[in-house]
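Take a look at the structure below.
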Amino acid sequence: MRHDAHREGSGRTHERLPSPALPGERVTKRSLARICVFCASNPGVREDYAVASRRLASELVARDCELVYGGAQVGLMGVMAQTMLDQGGRVIGVIPEVLVSKEIAHPGLTELRVVASMHERKAVMSDLSDGFVALPGGLGTLEELFEVLTWAQLGLHAKPCGILNVCGYFDPLLSFLDHAVDERLLKSKHRALVLTGEDPSSLLDRMAAYQPPMTEKWIARDSA
């Protein structure tokens, strides 16, 4: 296990968004060498959540994709990381000093980065990753997911953001996003930033084929 105490600033790096594919144009699949997974530090009430976490981990290993996550050995976080390690995968954990004991940092990771704050944790995980997947989780998982979605909406990155919708866990959230579109508080193109799948393979395939929308955030002067 490698411990790195990083103290870099958490400013975002602006990326030039690629042009969307034209009708009939072949879409080139993007490289997903590292995937950041947001998930719970609790197991939840359904065994299906742990099963899905293991399936996602196995799919990442099969695709020679590294895992970036929050560094804990408990809950679904621990299930993901340990499954990756047991199958020979590489795992990078990023955890703030204040949570090393509370979330119980995993002692056997390929690399563990201990950072100063939650803000730095999210910035480091984002910078390390080529895409993001949310598994079932609570406030922390949702906060991490919506931050990277907001960065994508603002054009601060062009990385795919996916939800593994295990047992319909995210159905109410997805319905709320549809409601936000209906209320003209969210553009339909930005609603489409949320890629969903019920199994890891199809979700990762969608993420590999992802083309970011070419549209501005603000909608006051045009339609959604």
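General observations
- Sorted fewest first by neighbouring Cβ atoms within 10 angstrom, 69, 210, 49 come out as 210, 49, 69.
- Arranged from fewest to most other beta-carbon atoms within 10 Å of their beta carbon, 132, 176, 170 become 176, 170, 132.
- Sites residue 143 and residue 46, calculated FRET efficiency, Cβ-Cβ separation with R0 25 Å, nearest 0.05: 0.70
- Under the convention that each Lys and Arg Cβ holds +1 and each Asp and Glu Cβ holds -1, the size of the dipole of the range 66-224 around its Cα centre is about 320 debye.
- Computed log₁₀ I(q)/I(0) - Debye formula, equal Cα scatterers, no solvent, the range 31-207, q 0.11, 0.13 Å⁻¹: -0.42, -0.59
- Partner lysines for residue 159 [C-alpha distance under 20 Å; skip if fewer than 8 residues away on the same chain]: 29, 122, 187, 189, 217
- Cα-based equivalent ellipsoid of the range 100-205: semi-axis lengths in Å, sorted from largest, via gyration tensor: 26, 16, 14
- Pairwise FRET efficiency - residue 127 versus residue 74, Cβ, R0 = 30 Å, nearest 0.05: 0.75
Values in this text are rule-based calculations from the coordinates and carry no lab data. All values derive from a computational prediction rather than experimental measurement. Using ideal geometry, Cβ is built from the backbone for each residue, glycine included, and neighbour counts are taken over all protein chains shown.
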